[in-house]
Amino acid sequence: MDRWHDCIALVTGSSAGIGKSIAIELARQGMIVIGWARRLENLKIIENQLSSEGKIFVGRKCDVTQETSVSNEIAWIEKTYGKLHVVVNNAGIGRVASLTEGKTQLWQEVIDVNVIAAAVISRETLKLMRKCGINDGHIFFLNSIVGHYITPLIGAGMYCASKHGITCMADMTRKELIASGFKTRVTSISPSYTKSEIFEKSGRKVSADEPMLESQDIANIVVWILSTAPSVQITEVIVRPTGSQF
């Protein structure tokens, strides 16, 4: 991680769960981390915690479904730091809404956050990378195992569709960057069941003996990927807890 010391990382959805763990770990690894979320009070707690450790985390309120909010915050990053090296598209939501009876509003919320917001953030942050001459950055998409397999859980159809969309979007982003001669790397990380706020709010229940990943497991994987040589591009990581049958 030496080459990323004092580099700028953006982590969306960093007020809780996987995003929080990633943001904290990147800051502890010596990066300057900007964390986006709607709950600024949660971000300030993280900011104070890391500041006491001598690490830099800056919490910024941002609704990723609002393009104006995203644009304004990216402009703030440019004005404040003048550059951006790593982007972690972590913000996401899960809704229980079947494809045969679910409400359109719930479907739309899933697509807006999980797909459209990630696309807008990737596009706009890549513009900033190009503008400030960063040609060896890294874009992460926090995907899901259901972006590769169809879950048997009824009511998760639109969520699965959104994550299959991320699988496609991540690889197409990689191909477009290669075609344009841009060396910024792209990685999709697809965890199975993970203990996190998004899982709890989804309303899903799993049996007490079902193995689950910890958010820190995913943060460690992000650090491992960033630690690889610039000539190595890890495009997809599927992560299951040991003993999982899913």
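General remarks:
A quick yes/no check of all residues on (1) surrounded by fewer than 19 Cβ atoms within 10 Å (Cβ to Cβ); (2) over 22 Å from Gln233 (Cα atoms):
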{"position": "Gly137", "(1), (2)": "no, no"}
{"position": "Phe140", "(1), (2)": "no, no"}
{"position": "Tyr149", "(1), (2)": "yes, yes"}
{"position": "Pro152", "(1), (2)": "yes, yes"}
{"position": "Ser162", "(1), (2)": "no, yes"}
{"position": "Cys168", "(1), (2)": "yes, no"}
{"position": "Thr173", "(1), (2)": "no, no"}
{"position": "Ala179", "(1), (2)": "yes, no"}
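- Set Thr80, Thr184, Thr104: member being β-branched (Val, Ile, Thr), surrounded by fewer than 16 Cβ atoms within 10 Å (Cβ to Cβ), closer than 25 Å to Asp2 by Cβ and modelled with pLDDT of 95 or more: Thr80
A quick yes/no check of all residues on (1) on the phi < 0 side of the Ramachandran plot; (2) surrounded by fewer than 16 Cβ atoms within 10 Å (Cβ to Cβ); (3) among the aliphatic types (A, V, I, L, M); (4) not in a helix (DSSP H, G or I):
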position	(1), (2), (3), (4)
Ala27	yes, no, yes, no
Val33	yes, no, yes, yes
Trp36	yes, no, no, yes
Gln49	yes, yes, no, no
Gly54	no, yes, no, yes
Ile74	yes, no, yes, no
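- Residue count, segment 212-246 (criterion: of a type in the set (S, T, N, Q), surrounded by 14 or more Cβ atoms within 10 Å (Cβ to Cβ) and within 19 Å of Ile134 (Cβ to Cβ)): 1
- Restricting attention to segment 205-246, the residues that are in contact with an Asp or Glu (Cβ under 8 Å, 6 or more places away or on another chain) and without any contact (Cβ under 8 Å) to a residue 24 or more places away in the chain add up to 0.
The values are calculated or read from the model by the stated rules, or taken from the named source; none is laboratory data. On a predicted model such as this, the values are computed, not experimentally measured, just so you know. Cβ coordinates were reconstructed from backbone atoms using ideal geometry, including for glycine residues, and neighbour counts include every protein chain displayed.
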